[in-house]
Amino acid sequence: MKLLIKGGRIINPAENMDMLGDILIENGRITAVGQNLAVQGAEVYDAAGLVVAPGLIDMHVHLREPGLEAKEDVASGTRAAAAGGFTTVACMPNTKPVVDNSILVSGLIQRGQTEGVVNLKVIGALSKGLEAKELAEIGDMIQAGAVAISDDGGYLDNTRLLRTGLEYTSMFGRPVITHSEDEGLAGEGFMHEGAVSAMLGMKGRPAVAEDIAVARDIMLAEYTGASVHIAHVSSKGAVEIIRQAKRRGVKVTAEVTPHHLTLTDDELKSFNTAFKVNPPLRSADHVEALIAGLKDGTIDAIATDHAPHAFEEKDVEFRYAPSGFAGLETALGVVLTGLYHTGKFTLSEIIDKMSYAPAKILGLESGVLKAGAPADITIIDPEYEWTVNCINFYTRGKHSPFESRNLKGKALITIVNGSIIMQNGEVLK
Amino acid sequence: MNKAQVSLRKKDILGLETMSVGEMELVLDTAKEMKNIIDRDIKKAPTLRGKSIINLFFENSTRTRTSFELAGKYLGADVVNISVSSSSVAKGESLRDTLLTVEAMGVDIIVMRHEAEGSAQFAANVVKPVVINAGDGAHEHPTQGLLDMFTIKQYKGKIAGLKVAIIGDILHSRVARSNIWGLLKMGAEVHIAGPQTLLPYGIDKAGVKVHNRIEEALDQADVVNVLRIQRERQQKGLFPSAREYARIFGVNAKRLALAKQDALLMHPGPMNRGLEIAPDIAYGDQSAIQEQVKNGLAVRMALLFLVLMGGTHIETAN
């Protein structure tokens with residue numbers, strides 16, 4: 001089967017390409033990128049006026065399977081991904097049971113193939129049962145297909161075990177992803193500690209708790225020579241610590257979420273549990289530092305930390321609500337609205353952060369538009385105006401801090417392995 | 001200048017952050033009239049006859065709950081108290097379900113106290129009856145804030161321009177937050193003081209002056225509002241000992257003398273006499289602590305009346 005995408009604005013950050021042209025897809029792979037391609041017998045998609053980008057990659061999602069399917073599963077989560085323009089997602093292991101062995105890694109990969117509609121990559125746990133006591137079978141999981149190792153969902157407070165995990169994982173050429181926030185310091189808090197928490201009377205999670213943990217994780221990476229990836233950076237201190245580490249040549253990468261880039265703790269004045277997330281939404285000075293860090297390359301990637309919860313779990317008093325919310329279906333619109341339409345970032349920079357950069361970190365061959373690469377493509381209308389309505393989400397998590405907001409920019413087509421799986425908001429499989 | 005009519009009819013009373021100066025003044029003016037009823041031989045007024053009020057208390061309270069109960073009863077309403085010893089989540093029933101159950105019984109006002117900040121806002125989002133916040137975690141306690149302002153006005157004749165010192169555990173105090181919002185809006189200069197560990201990080205951005213030495217806050221103060229220290233704070237390691245607290249941060253006669261000679265001494269109660277406040281001054285000439293309790297009743301009567309029956313006030317605004 002041949003598919004010819006004609007006349008789109010092709011943006012391929014991997015090769016610094018931004019041109020009007022065509023892309024030919026055959027048997028799940030890109031076979032040609034060029035201008036005025038004419039192909040007999042190909043289905044033609046007219047992309048005039050649209051942006052043709054390498055498929056978006058979200059390196060940090062929670063699909064909740066196995067065990068927590070009331071919140072999400074592979075089928076619903078990957079459909080949400082497709083609806084949001086993502087062609088690949090990597091899921092975190094904090095499920096029940098924890099994905100801490102090769103059987104579960106293989107099982108999830110298989111579920112991805114049978115139930116999923118986008119490429120599913122699996123991240124294995126660093127410690128057995130996420131208990132921070134002994135290493136999980138990291139090598140076995142990586143050989144079964146795990147793309148990274150992480151105890152995400154919480155802070156790994158056993159520093160010795162983290163050191164061992166970093167050293168051990170580095171043998172297999174994979175990164176350890178850390179959730180860096182000193183829980184002993186932040187644990188009692190529900191929101192960012194600052195002027196807003198002071199007057200709401202809510203216990204705060206101080207930014208310094210993140211700074212301390214990021215510093216520790218980077219120092220260990222530097223000491224061991226291993227690769228560490230800092231998940232969901234949210235504090236200005238952390239940005240500066242990462243910036244300095246990169247200058248020293250430490251093998252550190254980092255990600256930031258769309259919500260930390262665009263929302264502040266002012267939103268918490270509504271006590272709306274849709275804004276409860278961990279790490280918490282911080283004050284404007286932190287948001288500015290995150291944007292600057294993303295711009296100068298200190299922060300490599302944008303990831304959603306998609307963390308859906310059942311409706312009733314969030315429909316409680318703020319302090320009792322779980323942290324996290326759905327992110328896959330709003331990410332691109334939020335980033336384009338907040339970073340592109342405000343003139344802070346170019347489309348190429350955004351596509352780099354949401355596709356090529358995460359592909360590099362996870363060692364994937366996607367994230368690029370060139371002959372021979374997998375035909376994972378997202379076609380975007382950056383000018384498309386729409387209003388977020390959680391009820392229409394494909395994810396089971398019907399909470400979003402962006403509910404009812406007007407966004408500008410949306411994925412119109414998601415192509416995975418050469419097949420159109422989402423068109424105009426509708427997932428076709 | 002334009003003039004607008006202010007009314008609290010059918011409004012939820014969630015905190016003083018969201019209340020206008022005109023609305024607060026309306027309550028204080030109405031409370032003055034309500035206070036006369038408390039001093040009567042026969043206290044029952046038929047004003048709220050046929051109206052029903054539920055006091056839904058998820059935290060223990062004697063003072064506030066009784067005050068709301070009598071306020072409703074003095075005005076002729078039917079008042080029911082529900083005390084829930086543990087949180088709704090611990091019980092297995094969600095707060096939403098509890099509220100909907102109460103609403104289905106046809107109540108007009110839900111007075112709610114709950115340990116979680118924002119729970120009153122949550123309730124107001126869920127149900128149609130008027131919600132009055134009787135304390136939500138460390139967030140706000142608006143009726144305490146109003147009664148404190150009423151008391152200050154009673155003794156000082158005004159609030160604007162006064163130096164008010166709030167001393168003690170600001171971190172965990174909903175009283176402090178309602179006081180800060182209300183007093184700042186009314187034009188007072190608010191000073192807070194206490195151990196750094198009991199002052200919320202970032203509070204300096206709220207428009208108050210922050211001190212660690214209570215002597216600085218007390219200096220030439222017109223009003224001294226001493227907050228209760230909860231002993232479990234010490235167990236959590238937020239200060240070393242009750243003895244040290246009393247010695248360094250306790251308000252006693254010598255320290256009170258730093259304030260103006262006619263300074264008013266207040267405390268929301270219940271007091272730990274000998275800890276945050278010395279026994280001799282607690283019932284001394286400058287103390288308005290007993291009067292605060294009476295004023296609390298008057299303010300709550302005023303609020304119940306205003307949210308159910310209306311009553312207006314001309315607000316002058318720029």
*What is the dipole size for the stretch A:55-362, taken about its Cα centre, with +1 at each Lys and Arg Cβ and -1 at each Asp and Glu Cβ, in debye to the nearest 20?*
620
*asked:* I need the P(r) histogram for the stretch A:1-73: all alpha carbon pairs, bin width 5 Å from 0 out to the longest distance, whole percents.
replied: 4, 15, 20, 18, 11, 7, 9, 10, 5, 1, 0
*Going 7 Å from the Cα of residue A:408 in the Cα-to-Cβ direction, what parts of the stretch A:302-332 have a backbone nitrogen less than 17 Å from that spot?*
A:332
*residue B:243 to residue B:82: extension gain in nm, 0.36 nm per residue of separation minus the Cα-Cα distance?*
54.2 nm
_Could you check the spin-label model distance between residue B:42 and residue A:163? Points 7 Å from the Cα along Cα→Cβ, value in nm._
8.4
*Counting DSSP beta bridges in the protein assembly as shown, what percent are antiparallel, to the nearest 5?*
40
*Based on the mean of other Cβ atoms within 10 Å per residue, sort peptides A:299-309, A:229-239 so the most packed one is first.*
A:299-309, A:229-239
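How crowded by other chains is A:197-209, given as the mean number of beta carbons from other chains within 10 Å of each beta carbon? Before the final figure, lay out each step's value.
On the way: counts 6, 14, 14, 11, 18, 7, 6, 3, 0, 2, 0, 1, 0.
Mean shielding count: 6.
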*Measure out, as a whole number of angstrom, how far apart the alpha-carbon centroids of the stretch B:254-316 and the stretch B:125-193 sit.*
11
*Report the charge-dipole magnitude of the protein assembly as shown in Debye, nearest 20, computed about the Cα centre from +1 at each Lys and Arg Cβ and -1 at each Asp and Glu Cβ.*
1800
_Residues along the stretch A:296-332 losing 20 Å² or more of accessible surface when the other protein chains are present rather than the chain by itself (probe 1.4 Å)_ = A:315, A:316, A:317, A:319, A:320
*Based on the Cβ-Cβ distance from residue B:232 to residue A:323, what FRET efficiency comes out when R0 is 41 Å, to the nearest 0.05?*
0.95
*asked:* I'd like the distance between the alpha-carbon centres of the stretch B:1-59 and the stretch A:103-123, rounded to an integer number of Å.
replied: 60
*Full extension from residue A:1 to residue A:284: what is 0.36 nm times the residue separation minus their Cα-Cα distance, to one decimal in nm?*
96.9 nm
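Between the DSSP loop rule and a limit of at most 12 other Cβ atoms within 10 Å, which chymotrypsin sites (Phe, Trp or Tyr not before Pro) in the stretch B:50-86 are left?
none
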*Accessible area per residue of chain A at 1.4 Å probe, in Å²?*
35
*Evaluate the charge dipole of the stretch B:124-212 about its Cα centre and quote only its size in Debye, nearest 20, assuming +1 on the Cβ of each Lys and Arg and -1 on the Cβ of each Asp and Glu.*
300
*Between residue A:423 and residue A:115, what FRET efficiency follows from the Cβ-Cβ distance if R0 is 25 Å, with the result rounded to 0.05?*
0.75
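If you take the beta carbon distance between residue A:143 and residue A:43 as r and set R0 to 51 Å, what does 1/(1 + (r/R0)^6) give as a FRET efficiency, to the nearest 0.05?
Calculated transfer efficiency: 0.85.
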*Kirkwood hydrodynamic radius over Cα pairs of chain A, then Stokes diffusion coefficient at 10 °C and 1.306 mPa s, in µm²/s*: 74
*Can you spot the lysines whose alpha carbon is less than 24 Å from residue A:133's alpha carbon? Ignore those fewer than 8 places along the same chain.*
A:96
*Where chymotrypsin sites (Phe, Trp or Tyr not before Pro) fall in DSSP loop in the stretch A:230-314, at most 16 other Cβ within 10 Å*: none
*asked:* For the ranges A:11-23, A:69-81, B:118-130, what's the packing order if you count other beta-carbon atoms within 10 Å of each residue, average per peptide, and put the highest first?
replied: A:69-81, B:118-130, A:11-23
_Which trypsin sites (Lys or Arg not before Pro) in the stretch B:1-82 sit in a loop by DSSP (not H, G, I, E or B) and have at most 15 other Cβ atoms within 10 Å of their own Cβ?_
B:9, B:10, B:40, B:43, B:44, B:49
*Projected label distance in nm at residue B:10 and residue B:100, using a 7 Å step from Cα toward the beta-carbon*: 2.3
*Separation of the residue A:27 and residue A:172 label points, Cα + 7 Å toward Cβ, nm*: 3.1
*asked:* Let me confirm one metric for peptide B:117-129, namely the mean number of other chain beta-carbon atoms within 10 Å of its residues' beta-carbons.
replied: 4
*Distant-in-sequence amide H partners of residue B:276 (H built 1.01 Å from N, under 5 Å)*: B:229
*asked:* Can you find, among B:308, B:271, B:283, the residue sitting farthest towards the positive end of the charge dipole of the stretch B:236-318, where Lys and Arg contribute +1 and Asp and Glu -1 at Cβ?
replied: B:271
*Between chains B and A, what is the buried accessible area in Å², counting both sides, with a 1.4 Å probe and ligands, DNA and RNA left out, to the nearest 100?*
1900
*asked:* Taking 0.36 nm per residue of sequence separation and subtracting the Cα-Cα distance, how much length would be gained by fully extending the chain between residue A:36 and residue A:103, in nm to one decimal?
replied: 19.4 nm
*Per residue of chain A, what 222 nm ellipticity follows from adding -39500 (n - 2.57) for every DSSP H run with n ≥ 4, rounded to the nearest 500?*
-7500 deg cm²/dmol
*the stretch A:55-362: antiparallel DSSP beta bridges as a percent of all, rounded to 5*: 5
_Run the paramagnetic zone check for residue A:20: 7 angstrom along Cα to Cβ, then residues of the stretch A:389-420 with backbone nitrogen under 12 Å._
none
*Which is farthest toward the positive dipole end of the stretch B:156-252 among B:160, B:212, B:172, measuring Cα position about the Cα centre, with Cβ charges +1 (Lys, Arg) and -1 (Asp, Glu)?*
B:172
*Peptides A:104-110, B:263-269: what's the order by average Cβ count within 10 Å, highest mean first?*
B:263-269, A:104-110
*How well do other chains shield peptide A:270-278, expressed as the mean number of their Cβ atoms within 10 Å of each residue Cβ?*
2
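The values are calculated or read from the model by the stated rules, or taken from the named source; none is laboratory data. Because the structure is predicted, anything quoted here is derived from the model rather than measured. Glycine also receives a Cβ, built like all others from the backbone with ideal geometry; neighbour counts cover every protein chain displayed. With ligands, DNA and RNA removed, areas are computed over all heavy atoms of the protein, side chains included. Shrake-Rupley method; radii C 1.70, N 1.55, O 1.52, S 1.80 Å.
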